[in-house]
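The values are calculated or read from the model by the stated rules, or taken from the named source; none is laboratory data. A quick note: this is a predicted structure, and the numbers were derived from the prediction, not measured. Here Cβ is always computed from backbone atoms with ideal geometry, including for glycine, and neighbour counts include all displayed protein chains.
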Amino acid sequence: MNTIWKIHEENTRLQKSLGDELGVTPLFAQLLVNRGLKTPGAAQEFLFGDMSFCSDPFLMKDMDRSVSRIKKAIDAKEKILIYGDYDVDGVTSVALLSDIFDKLGANYETFIPNRLEDGYGLNIRAIALARDHGTKLIVTVDCGINSVEEVECANKYGIDVIITDHHVVKGSERPPAYAIIDPHQSDCSYPFTALAGVGVTYKLARALMRGKEEEVDEHLDLVALGTIADVVPLTGENRILGKAGLKKIANTNKPGLKALMEIAKVDPEKLTCRHIGFMLAPRINAMGRVGSANMALDLLVCKDMTEARRLARVLDGENKNRQEIEKVIVKQAVEKVKSTMDPEKEKVIVVADDDWHPGVIGIVASRLVDEFNKPAILISLKGDTGKGSGRGVAGFDLFQAIDKAEEHLITFGGHKQACGIKIKKENIGSFRDAINEAAPSCFCDEEELIPELKIDLKIPFAHVGVKLINELSLLMPYGQGNSEPVFCTGGIKVKRPPREIGRNGFKFLATCGNLTCEAITFRKNSVRKPKNGDMIDLAYTPSINSWNGIDSIQLNIKDLRLAN
């Protein structure tokens, strides 16, 4: 399916006013405008904001109450349980709070649920174990905001619960916890609500260490790792924490992070959000997907380099195992879709299998969305029930569609673009029929279903150069809410036949006027491959490629089409 190129409309008035005020080029000023930064003050904060721009942790609802209860537990030598999630955000949160509790002399243990045995978030079995171990206080990180029944159980056992989370409260009922720290609460006055779980944990840590905050800031490397991996908007405080944290990772004193970068072949001096998202985070997440995340936690808190390297090798091996499992399931799922349904008629893909690993079906659902450009739900069956994971497409409310078919489900949860379900095997067929019947009312206009590429500016090829690329670096780190700038240029000639690279990419020389440079993609299934001599319109992000000590301009292809 062809992609719609949506080019931002230029605002010459703001280009001039911002350019004059900030001393930047009109092109760069337009990039700021495209990101919603329309005043010099907002642009200054975005470009140069530092830790002083972050708000006081005690502005968060229940922060003072939480700090008092934790310190009381420490003074009384009560046993505390840090209860986290099994993804990168959760594991980094547990690692950070563990070190702070060590510094404060707390008597504590940690618990990260097993995805396959315990499921997500607080669970009653773990709370019963905590009671048996003499736990008097549970502090959750990156989970718990919707665990009403579980917190009631803890209260019955005489265990206080402090919830720290960053997820949205479902419905009107909050858990009856001793305290809840979550900026999404309607009665919380904290001015920035988009923190990751580790960002909220970081705020609690700074509140606990009031007067010694610099000791907490030693863990900005963990904060950046969890924040970027969780794909929260990299704006406001997240951008400040991410920028500071990336620098901290590059110079980290944590053996675990050093070993992780070694095994992933990441150069700390050239570290970007992309390295975290595609190289570091998957190795940590792999443990939570196909095994226990405790080994990932062990790596992050490890003090010995030899042990850290051993643990990093294990994580690397599990990630390769996860990739192989994923590859097999993708192939099986695509074949099943093509052989058992008509993807042209059915609006939502629903496929199930007894042999699919529940830890990777969410990733595979994303692959099916890429393959068929339709919402996809994969179900991993075990006996008479199945756990499913779904991913949506732009212009379609997946959660609404599932809600309309809920009578066929045991439970479900999620949002517009992602969901999780639990279903009886015998109801899969009726669920598939019901969600496809409901689907048309959950779609927006047909045009919105066509993939869209947002382009910042259409520029002459002559503007591409080292000066532009250096100026673009001021916008880093890139991520959700601050995507890497994309430009387009028409009338580019393909010089020399495109050459295959890697498993799924190609590159060629692109020339226009006096400039010739290499254009490259690793997604040949998503980008049409041109022929030698073709005249094309190219959508791309420029960068500097360093190879054998030589720097050259490289265009990272986002899309291309034959010129009219």
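Residue pairs whose Cβ atoms lie under 7 Å apart, separated by 6 or more positions or on different chains, with the first residue in segment 395-411 and without any contact (Cβ under 8 Å) to a residue 24 or more places away in the chain and the second buried (at least 18 other Cβ atoms within 10 Å of the Cβ) and in a helix (DSSP H, G or I), are Leu409/Phe431.
Taking the conditions (1) among the aliphatic types (A, V, I, L, M); (2) exposed (fewer than 13 other Cβ atoms within 10 Å of the Cβ); (3) over 24 Å from Leu472 (Cα atoms) in turn, Ile544 satisfies each one other than (3).
Would you confirm, using the coordinates I've provided, whether Phe461 is in contact with a Ser or Thr (Cβ under 7 Å, 6 or more places away or on another chain) and surrounded by 16 or more Cβ atoms within 10 Å (Cβ to Cβ)? So Phe461 passes the test. Would you be able to say whether some residue in segment 165-181 is in contact (Cβ under 8 Å) with a residue 40 or more places away in the chain and among the polar types (S, T, N, Q)? No, that holds for no residue.
Applying the condition of being exposed (fewer than 15 other Cβ atoms within 10 Å of the Cβ) and in a loop (DSSP other than H, G, I, E, B) to segment 2-23 and asking which residue is modelled with the highest pLDDT yields Glu9. Name the one entry in Pro498, Pro440 that is assigned by TED's automatic domain parsing to the domain that holds Gly359, of a type outside the set (Gly, Ala, Ser) and either surrounded by 14 or more Cβ atoms within 10 Å (Cβ to Cβ) or touching a residue at least 60 places away in the same chain (Cβ under 8 Å) (or both). Result: Pro440 is the single residue among Pro498, Pro440 that is assigned by TED's automatic domain parsing to the domain that holds Gly359, of a type outside the set (Gly, Ala, Ser) and either surrounded by 14 or more Cβ atoms within 10 Å (Cβ to Cβ) or touching a residue at least 60 places away in the same chain (Cβ under 8 Å) (or both).
Residues of segment 120-136 being part of a loop (DSSP other than H, G, I, E, B), surrounded by 14 or more Cβ atoms within 10 Å (Cβ to Cβ) and among the small types (Gly, Ala, Ser), which ones? Show your work before the answer.
The initial filter retains those residues of segment 120-136 that are part of a loop (DSSP other than H, G, I, E, B), namely 120-123, 133-134.
Right, trim to surrounded by 14 or more Cβ atoms within 10 Å (Cβ to Cβ) and you get 120-123.
Correct list: Gly121 only.
Is it fair to say Pro26 is surrounded by fewer than 22 Cβ atoms within 10 Å (Cβ to Cβ), touching a Gly at 6+ places or on another chain (Cβ under 6 Å), without any contact (Cβ under 8 Å) to a residue 40 or more places away in the chain and not assigned by TED's automatic domain parsing to the domain that holds Pro175? Let's see the steps before the verdict.
Working: surrounded by fewer than 22 Cβ atoms within 10 Å (Cβ to Cβ): yes; touching a Gly at 6+ places or on another chain (Cβ under 6 Å): yes; without any contact (Cβ under 8 Å) to a residue 40 or more places away in the chain: yes; not assigned by TED's automatic domain parsing to the domain that holds Pro175: yes.
Yes: the conditions hold for Pro26.
Tell me, yes or no, whether segment 49-59 has at least one residue that is surrounded by 18 or more Cβ atoms within 10 Å (Cβ to Cβ), within 20 Å of Glu214 (Cα to Cα), of a type in the set (A, V, I, L, M, F, W, C) and touching a residue at least 24 places away in the same chain (Cβ under 8 Å). Yes.
Would you point out which residue out of Val200, Val139, Val161 is crowded, with 21+ Cβ neighbours inside 10 Å and under 19 Å from Gly245 (Cβ atoms)?
Numbers: Val139 fails: under 19 Å from Gly245 (Cβ atoms); Val161 fails: under 19 Å from Gly245 (Cβ atoms).
Residue meeting the stated conditions: Val200.
So which residues in segment 281-311 are in contact (Cβ under 8 Å) with a residue 60 or more places away in the chain and more than 23 Å from the chain's Cα centre (by Cα)? If the condition is that a residue be in contact (Cβ under 8 Å) with a residue 60 or more places away in the chain and more than 23 Å from the chain's Cα centre (by Cα), then no residue fits.
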